[in-house]
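Engineer: Below you'll find the structure I mean.
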Amino acid sequence: MTNAAPFFASNTAASLIQATLYPSHFVRIATAYFEPSGYQVLQDVLAAKMVHLLIGREEGGQDRLETVLNEFVERFLSRPLERRTQAMRHMLQALEQGQLLVSLGDASNERFDTFLDARYLYQHAKLYIADEVAVVVTSANFSHHGLVRSIEAGIRVTQPDDVTYFVQRFDEYFSRAHSITDALIDRLRQLL
């Protein structure tokens, strides 16, 4: 089922995820939290790849889009200025050029020419899927804290039937999620 032992130490989540995603062309990420700091940790390994990002939060909020964006901005503002500005300029450029698409809306107008298609749907999984070859199933969110600082659990899955299962489940949930790309572009322009 796997080719990597479970990890339980700081920074091992980032190392295993980076090594797993590096050779891939198409990356799927499911996370409960997406923070600018997580993007910074993985931005080099995600460069020039097609990425679908599924962001999850608790259902039933009055304005989930506003909550997700406010949390993203709050985390952006909490990082050191030089580091956060460089990463967010890179993210904004990718968004404006259609290379990065972040979603919280109807999936009927799905774009396939994007670098990152991020969507919102209530879920709590943390998956980092490399093509249809390997999956890191982990407790690590897409944040600096989750990827680098925390002691997290996780394992790389490479057995083809298991990988197919995770890809199919991800794609099913992703197809029902909602786009937030335009709103994120607006927020990043305001911040930068």
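Engineer: Quick one: which residues, 5+ away or cross-chain, put their amide H under 5 Å from the amide H of residue 54? H built at 1.01 Å from N.
Structural biologist: 29, 30, 31, 119
Engineer: Here's a follow-up. Among residues other than residue 12 whose Cβ falls under 15 Å from its Cβ, what is the net charge (Lys/Arg +1, Asp/Glu -1)?
Structural biologist: In short, +2.
Engineer: May I pose another question? Using a cut-off of 12 Å between beta-carbons, work out the net charge of the residues near residue 167 (Lys and Arg +1, Asp and Glu -1, residue 167 not included).
Structural biologist: Details: positive: 28, 169; negative: 131, 132, 161, 162, 171, 172.
Residues near residue 167 contribute -4 overall.
Since every read-out is calculated from the coordinates, none of them should be taken as a lab result. Note that this is a predicted model, so its numbers are computed, not measured. Because the Cβ atoms are built from the backbone with ideal geometry, glycine has one as well, and the counts that use them run over all protein chains shown.
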